[in-house]
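Working notes, beginning with the structure itself.
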Amino acid sequence: MDSKIGHIQSHGVLVALSESDLCVRYVSANVSELFGEPASVIGASLASLIGTKQFARFRNERFIDHRFANSLQMVVGTTKRRVNCMVQREGQILIVEFEFLPEVVAQPINVQAQIRMFRSMEELSDISAIATLVVNDIQQLTGFERVMIYQFDSAWNGEVIAEVTTPTFGSCLGLHFPASDIPIQARRLLTLNALRSVVDVDSVAVPIVQTDAEPSLDLTHSYLRSASPIYLQYLRKLNVSASMTASIIVKGQLWGFIACHHPQPYRVDFPVRTLCELIAGFCASQIGSRVDTRELHSHLRFRKCLADYLNVIDASKALADADVLHDTRLLDLLDADGIISCIDSAVLSNGSTVPQQTIEPIIRALAAIAVAGVASSNMLGALDSSATAYSSDVSGALYMGLTEGTGDYLLLLRRELVETVKWAGNPEKAMSADDAEILRPRTSFASWQQTVHGKCRAWSAREIENARILREQLTVLRALQKAHDTEDRIRYLATHDALTGLSSRLSVQHIIEQNIATAADQHASFAVLFIDLDNFKNFNDTLGHAAGDEILRIVAARITREVRNEDSVGRFGGDEFVVVMPGSHDAYAFKAAARIVRAIQEPLDLEYDTTLKITASVGLSRYPTDGTMTDELLARSDIAMYRVKVRGGNALQNYGASGICVGSLEEDGPAA
């Protein structure tokens, strides 16, 4: 779907101006309905077309991003036609669209009802409940006979998760649509242009007229832009004559959209469309908030399980101890049903598994594709056909290679999750080309049921990252347990991180416990900073793990440089650091945290002429205000850090505060 199709819908007129002189460079072929023939309008000034008074209003309007903040109602042309004037900027061109106002005056918007709806949305905890509220509100606002919310999955297939409809259309609720129905070009437009409408699928599209010297006009953000022929055919196959879509963008990514359908040509006026765009944006922010809350709870649960499990390992003599690998907390950590381990050539298993020899081809396949020692699959039969023989018992695996050269590993397993999917038509019969090589959409959307075998619940990005953290901790503890160095070296490794030389995770916890005891005796306070590098995984994936290790060493040195000798700095795991500040007042803790944020931001030079800018999210908790136990202080500084992370990172936040402080803080820091 080309963003420069070069046609608009017929319920309006388009002129495009050079921003430097506000003279017309492009017009729609139907410009004569308002201003005269195309040849006479191209080259004319906008003022001569709309009159000096209306031109003055035009000149005084301000832009928000690339669009006018408001539409302007005007009366233009020899017939004194009432129009909405809407403007957006594309490079050095201003696209001015005159949408004909409907003959029937729309009912005024009930602002109080919308405020109540927004408040109700804020109170709902479930995404499906939010979606249901939104489709009902938009149906009442617009009058479309069917309104639904369509959510994308990780493969860009879609599912209708909420709907209000009439018998004219029937229900699509719960139906799935293949990714081919909304290809990548269409998804790009949904991301760039948050609200699109088709007034009449059978109206004749109006071309753009221009001189040969002018390049094609980019209509990506046009209100009147005509839809592609294949999309119009798709709507006809659905018995839809008019449509409107409002994109739901969550954290900068296309999450889904609101789709409105009508069986006859239908147009919603500009103020209502604008309100629908606002509702979609607010809906997106609420969905993002619920996703963040869910991820935070998962994050804290993993932290608790990891701490408990590492304590079990630390108390054991060897990682290969059966009690260590049979501990159910290992399965809980990554929501697995079974485990196979190979440590020092000793193979152990627990839970739902298959014989190690049987699954050996899968182990080799995952080891070959592992990144930082970790790889996963939720459909083992796709990796090796032999896995289909046992897919009813085990269908997914998460591989963690513990050491290079020895073949030691942990393999976490998941059972098959048989899934029945209801598709809107057979997903294998997507669009096709006719005899003239013109693409045609599929012809049937009748409910088509598919039962999927041989798959488990997919390993999420969060679970894979958690596996990397767990693998790193296991690797360090395994090295300690196998050490055959001097007593001093063993003692040092037990309390320090081997990569950075900072205090180890267990040592940090011990330091906090000591500070709690001292502060309790002296009725004093201290602060705990939890620091997490932003988007560190991207650096690891693009530059390699040797560069990632170098980044961690440099960041560790920068953090240490910005604190006092009596403060303790530790690496908590992965790209996470903890700073303990004994006897510090609030002002010092904030100043130090702000210095750390700025220090980490400094350009970082690596080999091969690579210069990077690293940022970090920092959370702060204080004893005794935010907690009186080690776990409480760590968890609450972690929560504060995570709040920064979901707002974009590169900042610090105190656990007890609602706002965040950005990395460009003045040296004095925020008020306590």
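First measure r as the distance between the Cβ atoms of residue 452 and residue 344, then evaluate 1/(1 + (r/R0)^6) with R0 = 56 Å and state the FRET efficiency to the nearest 0.05.
Values: r = 39 Å, r/R0 = 0.69.
So, using R0 = 56 Å, E works out to roughly 0.90.
Magnitude of the Cβ-charge dipole of the chain, K/R +1 and D/E -1, about the Cα centre, nearest 20 debye?
Using Cβ point charges on Lys, Arg, Asp and Glu, the chain gives about 1680 debye.
Just checking my list [x] -0.97, -1.09; [y] -0.80, -0.96; [z] -0.72, -0.87 against log10 I(q)/I(0) by the Debye sum over Cα atoms at q = 0.08, 0.09 Å⁻¹ computed from this structure; which label fits?
[y]
Probe radius 1.4 Å, ligands and nucleic acids left out: which of 33, 97 has the largest accessible area, and how do the rest follow?
Solvent-accessible surface, decreasing: 33, 97.
From the protein chains alone at 1.4 Å, what is the descending order of accessible area for 37, 576, largest first? Present the calculation step by step, with values, prior to reporting the outcome.
Values: 37 115, 576 5 Å².
From most accessible down to least: 37, 576.
Where does the chain land at 222 nm, in deg cm²/dmol rounded to the nearest 500, when only DSSP H runs of n ≥ 4 count, each adding -39500 (n - 2.57), divided by all residues? Numbers along the way, then the final one.
Numbers: 19 runs with 246 residues, N = 672.
Helices in the chain give a 222 nm mean residue ellipticity of -11500 deg cm²/dmol.
Taking only protein heavy atoms into account and a 1.4 Å probe, give the accessible area per residue of the chain in Å². Can you show the working numbers first?
On the way: 30770 Å² over 672 residues.
So the chain comes to 46 Å² accessible per residue, rounded to a whole number.
At a 1.4 Å probe radius, which order do 126, 292 fall into by accessible area, largest first?
Result of the area sort, largest leading: 126, 292.
Show me 356-365, 208-217, 633-642 ranked by packing, highest mean number of other Cβ atoms within 10 Å first.
Values: 356-365: 16.1, 208-217: 13.5, 633-642: 23.1.
Order by mean packing, descending: 633-642, 356-365, 208-217.
When DSSP beta bridges are limited to those with both residues in the chain, what percentage is antiparallel, rounded to the nearest 5?
Percent antiparallel among DSSP bridges in the chain is about 95.
If each of residue 239 and residue 615 carries a label point 7 Å out from its Cα toward its Cβ, how far apart are those two points in nm?
Result: 5.0 nm between the two label points.
The values are calculated or read from the model by the stated rules, or taken from the named source; none is laboratory data. Here the structure is a predicted model, which is why all the values come from computation and not from measurement. So basically every Cβ, Gly included, is an ideal-geometry build from the backbone, and we count neighbours across all protein chains shown. Each accessible area value is taken on the protein alone, full model and side chains, heavy atoms only, with ligands, DNA and RNA left out. Shrake-Rupley method; radii C 1.70, N 1.55, O 1.52, S 1.80 Å.
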